[in-house]
Amino acid sequence: MVQENSKEFTTPIFPFTAIVGQDEMKLALQLNVIDPKIGGVLIMGDRGTGKSTTIRAIADLLPEIEAVAEDPFNSHPTNLELMSSEVKSKIQNNSGDIQTEFIKVPMIDLPLGATEDRVCGTIDIEKALTEGIKSFEPGLLAKANRGILYVDEINLLDDHLVDILLDSAASGWNTVEREGISIRHPARFVLVGSGNPEEGELRPQLLDRFGMQAEIATEKDPTLRVKIVEERTSFDQSPKIWLDKYEEEQQELRDRIVAAQKLLPNVKIEYDFRIKISEVCSRLDVDGLRGDIVTTRAAQAYAAYDKRDKVTIDDISQVIVLCLRHRLRKDPLDYTVESYKVEKIFKEIFEIEE
């Protein structure tokens with residue numbers, strides 16, 4: 001009986017499909033869920049614009065994933081890149097059946113004041129020395145494997161935690177070493193950061209690591225503002241009625257995301273389009289090749305989301321600003337908005353008339 005009613009005691013989460021406006025942020029989150037290799041989303045904008053609400057809503061929307069039962073790393077039962085060493089050894093040695101269960105996609109908050117041990121996990125040295133057992137207390141990176149790691153006010157995050165995030169985001173693994181004992185586990189997650197640009201800039205290394213940057217602003221239209229306030233108030237007063245009201249739309253979007261994930265490996269992009277994407281990046285003086293890769297991946301994810309197996313110019317136009325605006329070099333004497341620069345060069349190279 002307790003099990004049956006347990007859902008009633010969980011905190012209700014505002015439905016993703018009920019969120020008004022902020023289309024850039026919603027699109028970027030959906031594309032990263034379809035293809036986590038895009039590299040995450042940085043959401044910059046005013047306070048009180050629904051950043052945290054939207055991020056929690058996308059995690060709640062997603063279908064459950066299959067994981068090894070009682071595994072602290074949410075190990076995938078077949079994908080070697082997403083399983084812990086213990087699970088891998090069991091499979092390789094055929095030592096017993098691997099039990100699996102379906103779990104919700106993990107949504108982990110990384111607090112600004114978190115310690116390194118809390119983020120990476122800790123090794124029990126005493127147990128290792130006295131009993132010869134590698135005893136590991138998993139941290140937030142372990143819990144976020146195969147899920148979403150969310151850092152609010154990421155521009156205020158301590159430098160040592162930024163370095164840890166950069167290492168994990170680059171390799172997909174987290175390594176904890178202490179007193180000659182080393183433990184390594186998968187840490188593949190969609191990194192989502194949010195912040196207010198007035199509170200400081202991000203380090204260039206971290207900024208470049210994000211696949212996309214969405215910019216959001218406070219809604220100016222009074223009618224729309226009233227609608228947002230009314231919907232939020234109604235949800236707070238009667239969440240169950242509200243969730244039932246949007247359940248059909250939620251399920252439709254859930255099915256669309258799953259279908260896009262399955263279609264994604266078959267989505268093709270013409271060689272000529274890839275050349276032109278690289279030409280845009282070159283003309284904009286984008287450092288490295290991450291901009292080229294991310295734009296291509298995002299365009300393929302957008303095509304899959306639109307139920308097509310071939311990328312069009314329109315797919316590229318929908319994602320290219322999101323993928324490149326934060327990679328442009330800052331010129332203190334140039335006040336041209338980054339989004340405008342990317343759009344201008346894109347239209348020139350793809351020969352799109354104004």
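When the inverse distances between all different Cα atoms of the stretch 265-349 are averaged and flipped, the Kirkwood radius reads 13.1 angstrom. If a paramagnetic tag sat 7 Å from the Cα of Lys88 along the Cα-Cβ line, which residues of the stretch 163-182 would have the backbone N under 19 Å from that point? Label zone hits: 167-178, 181-182. Loop-located trypsin sites (Lys or Arg not before Pro) in the stretch 212-310 (DSSP state not H, G, I, E or B) with no more than 16 neighbouring Cβ atoms inside 10 Å: Lys220, Lys307, Arg308. Counted by neighbouring Cβ atoms within 10 Å, the residues His326, His160 run from fewest to most as His160, His326.
3J(HN,Hα) couplings calculated from phi for the stretch 220-229 with the Karplus curve 6.51 cos²θ - 1.76 cosθ + 1.60 (θ = phi - 60°) are, in sequence order, 8, 5, x, 4, 5, 4, 5, 4, 4, 5 Hz; Gly and Pro show x. Here the residues Val294, Val68, ranked from fewest to most Cβ neighbours within 10 Å of their Cβ, fall in the order Val68, Val294. Report the relative contact order of the stretch 265-349, percent, no decimals, based on alpha-carbon pairs under 8 angstrom and at least 6 residues apart. That works out to 36 percent.
Electrostatic tally near Glu219: other residues with Cβ closer than 15 Å to its Cβ, Lys and Arg +1, Asp and Glu -1, net 0. Only aspartates and glutamates eight or more places from Lys104 in sequence, or on another chain, were considered; those with a Cα closer than 13 Å are Asp60, Glu64, Glu66. In plain terms, the residue of Leu112, Leu243 with the fewest other Cβ atoms within 10 Å comes first and the most crowded comes last, giving Leu112, Leu243. Of all aspartates and glutamates in the structure, those lying under 13 Å Cα to Cα from Lys307, and not within fewer than 8 positions of it along the same chain, are Asp255, Asp315. For Ile98 and Leu289, the FRET efficiency from 1/(1 + (r/R0)^6), where r spans their Cβ atoms and R0 equals 41 Å, is about 0.60. Between amide H atoms placed 1.01 Å from N, distances below 5 Å from Ala214 occur with Leu42, Ile43, Met44, all of them 5 or more places distant or on a separate chain.
Hey, which of these cross-link pairs are over 28 Å Cα-Cα: Lys88/Lys262; Lys37/Lys220; Lys51/Lys88; Lys51/Lys330; Lys143/Lys310? In this structure, Lys37/Lys220; Lys51/Lys88; Lys143/Lys310 exceed 28 Å between Cα atoms. If R0 equals 22 Å, the separation of the Cβ atoms of Glu230 and Asn196 corresponds to a calculated FRET efficiency of about 0.30. With the simple model of a label 7 Å out from the Cα in the direction of the Cβ, Thr78 to Asp117 spans 4.0 nm. The value for the chain of Rg(Cα) / (2.2 N^0.38 Å) is 1.06.
What percentage of all Cα-Cα pairs in the stretch 19-93 are separated by more than 16 Å? Tail of the P(r) past 16 Å holds 61 percent of the pairs. Using a simple spin-label model with pseudo-atoms 7 Å out from Cα toward Cβ, Ser182 and Asp163 lie 1.8 nm apart. Taking Cα centre as origin and charging only the Cβ of basic (Lys, Arg, +1) and acidic (Asp, Glu, -1) residues, the dipole magnitude of the chain rounds to 560 debye.
FYI, it's all coordinate maths here, none of it is from the lab. Given the structure is predicted, the values throughout are model-derived calculations rather than measurements. Neighbour counts are summed over all protein chains in view; Cβ atoms, including those assigned to glycine, are modelled from backbone coordinates with ideal geometry.
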